[in-house]
Each structure stands twice: as structure tokens, then as C-alpha cells.
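The values are calculated or read from the model by the stated rules, or taken from the named source; none is laboratory data. Keep in mind that this is a model prediction, so the values were computed, not measured. Here the Cβ positions follow ideal geometry from the backbone for every residue, glycine too, while neighbour counts run over all protein chains shown.
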Amino acid sequence: MDNLQGNLDALAWGNCLPMGTSGQFDIINSEKVQELDKSVDVYGLLETSFDLMDKEI
């Protein structure tokens, strides 16, 4: 036996990595296209948040 432990040990022996949910799960995929309710001005939002941070400091 070797002294490998954890992820490296699992990979060396061809086993599943011991991380995550440790169980099987289903991936559910929807073909429905997601749409935005309204557009958002990201630059304006960031500018507002930085202005608020400056006022608090």
C-alpha cells in the first residue's frame, strides 16, 4: 500500500474523487430560452454603488 490520500489517491487507483455530493444526481436541462424582464445599465449601476461607497467613507 502507498500513503496517498484524498483526491490524488482516488485518481491513482481509478476511483471517483471524494468531493461534491458523494451521490448520484440528475442534470435537468430545459430548452426554454431565458429572457430578461428589462435591460439594466450595468455601468450606471456600478457607478451608483461606487458613489454610495464614497459617501460612506
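Tallying residues that are exposed (fewer than 10 other Cβ atoms within 10 Å of the Cβ) and modelled with pLDDT of 75 or more within the stretch 1-14 yields 2. Has the stretch 18-32 got any residue that is at pLDDT below 80 and surrounded by 10 or more Cβ atoms within 10 Å (Cβ to Cβ)? Within the stretch 18-32, one or more residues are at pLDDT below 80 and surrounded by 10 or more Cβ atoms within 10 Å (Cβ to Cβ). Considering the stretch 33-48, the residues that are surrounded by 10 or more Cβ atoms within 10 Å (Cβ to Cβ) and of a type outside the set (A, V, I, L, M) include one that is modelled with the highest pLDDT, namely GLU47.
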